[in-house]
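Asker: A single structure is presented below for examination.
The values are calculated or read from the model by the stated rules, or taken from the named source; none is laboratory data. These numbers come from a predicted model, not from an experiment. Cβ atoms come from the backbone with ideal geometry, glycine included; neighbour counts cover every protein chain shown.
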Amino acid sequence: MNRRVPSGAAVLQAGITAAITDAVLAELVERGYARLSMEGVAKRAGAGKSALYRRWRTKQEMVLAVLAEVSVPMADVADTGTLRGDLRAMVSAVASWLTEPPFSRIIPDLVAEATRTSELAKAIATTIGEPRRALTRPKLERAMARGELPADTDLEMAQDLVAALIYWRMVVRQAPVEQDYLDRVTDTALRALRAAAD
């Protein structure tokens, strides 16, 4: 028995999904998470609201799915074969995520909103934070296997350390980033990890 190929409303067309993705990012930049609406996204994308609801049940689900699709792969850096090289790549990836448009505008707003909504904070951790960390953790595990880090290294703390230095300077302080800043962050993180091991 031949199965009928879905058509019309039953098909999630890639072009429409791409237009919606672009619209979500643009709306987040212009309006912020709190003021973003499914209606606004649909209008900007040139699609009906039904096109959004076929893909996502809620605004939160839509926004986080779009952000995860773009931001999670940004944490997937190449294995350099050394702890310092991997830390430098991780630092650069975090800096790019925080400073390149549209994320330089979106992330601070989303973090601020998450401080007011625990459900959103948990969803961000699940859909964006944990997958990004899952991509960087193996680099630290390989450093442990090579003997560059001790077997009892606190990998959660190590990942926090790498990201925290950059986030604090770029997002919280809004301080300028000198040309060699990422190298200095890398060396500081490396010294801190080795000091903790000692």
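Asker: Please go through segment 74-95 and pick out each residue that is touching a residue at least 12 places away in the same chain (Cβ under 8 Å) and part of a loop (DSSP other than H, G, I, E, B).
Answerer: The initial filter retains those residues of segment 74-95 that are touching a residue at least 12 places away in the same chain (Cβ under 8 Å), namely 74-77, 79, 82-84, 86-95.
Within segment 74-95, 76, 77, 79, 82 qualify.
Asker: Same structure, new question: Looking at this structure, is residue 140 under 22 Å from residue 81 (Cα atoms) and outside any helix (DSSP H, G or I)?
Answerer: Judged against the criteria, residue 140 is not a match.
Yes/no matrix, rows are residues, columns are (1) in a helix (DSSP H, G or I); (2) over 16 Å from residue 87 (Cβ atoms):
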residue: 125; (1), (2): yes, yes
residue: 129; (1), (2): yes, yes
residue: 149; (1), (2): no, no
residue: 153; (1), (2): no, no
residue: 160; (1), (2): yes, no
residue: 166; (1), (2): yes, no
residue: 169; (1), (2): yes, yes
residue: 175; (1), (2): no, yes
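Asker: Here's another thing I want to ask about it. State yes or no: is residue 121 touching a Ser or Thr at 6+ places or on another chain (Cβ under 9 Å) and either farther than 21 Å from residue 63 by Cα or outside any helix (DSSP H, G or I) (or both)?
Answerer: no
Asker: Now for a separate question. Considering only segment 71-117, state which residues are farther than 19 Å from residue 172 by Cβ and among the acidic types (Asp, Glu).
Answerer: 76, 79, 86
Asker: Something else about it: Counting just the residues of segment 163-180 that are in contact (Cβ under 8 Å) with a residue 24 or more places away in the chain and out of contact with any helix residue (DSSP H, G or I) (no Cβ under 6 Å at 6 or more places or on another chain), which one comes out surrounded by the fewest Cβ atoms within 10 Å (Cβ to Cβ)? Can you show your working first?
Answerer: Kept after step one, since they are in contact (Cβ under 8 Å) with a residue 24 or more places away in the chain, are these residues of segment 163-180: 163, 165-167, 170-171, 177.
Those left that are additionally out of contact with any helix residue (DSSP H, G or I) (no Cβ under 6 Å at 6 or more places or on another chain): 167, 177.
On the way: 167: 19, 177: 14.
Of everything passing the filter in segment 163-180, 177 is surrounded by the fewest Cβ atoms within 10 Å (Cβ to Cβ).
Asker: So, one more: Collect the residues in segment 86-115 that are closer than 14 Å to residue 185 by Cβ and either outside the structural domain of residue 135 (by TED's automatic domain parsing) or of a type in the set (Gly, Ala, Ser) (or both), keeping them in residue-number order.
Answerer: Within segment 86-115, 89, 92, 93, 95, 96 meet the criteria.
Residue-by-condition table, conditions (1) surrounded by fewer than 17 Cβ atoms within 10 Å (Cβ to Cβ); (2) within 20 Å of the chain's Cα centre (by Cα); (3) among the aromatic types (Phe, Trp, Tyr):
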position: 24; (1), (2), (3): no, yes, no
position: 27; (1), (2), (3): no, yes, no
position: 43; (1), (2), (3): yes, no, no
position: 72; (1), (2), (3): no, yes, no
position: 80; (1), (2), (3): yes, no, no
position: 97; (1), (2), (3): no, yes, yes
position: 104; (1), (2), (3): yes, yes, no
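Asker: Residue 187 - would you say it is at pLDDT 95 or above, surrounded by fewer than 18 Cβ atoms within 10 Å (Cβ to Cβ) and not hydrophobic (A, V, I, L, M, F, W, C)?
Answerer: Yes, satisfied.
Asker: Within the bounds of segment 126-135, is there any residue that is outside the structural domain of residue 30 (by TED's automatic domain parsing), more than 25 Å from residue 34 (Cα to Cα) and free of Cβ contacts under 8 Å to residues at least 24 places away in the same chain?
Answerer: Looking through segment 126-135, at least one residue is outside the structural domain of residue 30 (by TED's automatic domain parsing), more than 25 Å from residue 34 (Cα to Cα) and free of Cβ contacts under 8 Å to residues at least 24 places away in the same chain.
Asker: Return yes when residue 195 is aliphatic (A, V, I, L, M), within 20 Å of residue 88 (Cβ to Cβ) and surrounded by fewer than 16 Cβ atoms within 10 Å (Cβ to Cβ) and no when it is not.
Answerer: Taking the combined requirement at face value, the residue satisfies it.
Asker: Would you confirm whether or not segment 34-53 contains a residue that is modelled with pLDDT of 95 or more, under 18 Å from residue 104 (Cβ atoms) and part of a helix (DSSP H, G or I)?
Answerer: Within segment 34-53, none of the residues are modelled with pLDDT of 95 or more, under 18 Å from residue 104 (Cβ atoms) and part of a helix (DSSP H, G or I).
Asker: As an exercise: evaluate residue 68 against (1) outside any loop (DSSP other than H, G, I, E, B); (2) more than 15 Å from the chain's Cα centre (by Cα) and give the number of the one condition it does not meet.
Answerer: Single failed check for residue 68: (2).
Asker: I would also like to ask the following. Take residue 4 and tell me if it is at pLDDT below 95, more than 17 Å from the chain's Cα centre (by Cα), over 30 Å from residue 142 (Cβ atoms) and charged (D, E, K, R).
Answerer: On the way: at pLDDT below 95: yes; more than 17 Å from the chain's Cα centre (by Cα): yes; over 30 Å from residue 142 (Cβ atoms): yes; charged (D, E, K, R): yes.
Answer is yes for this residue.
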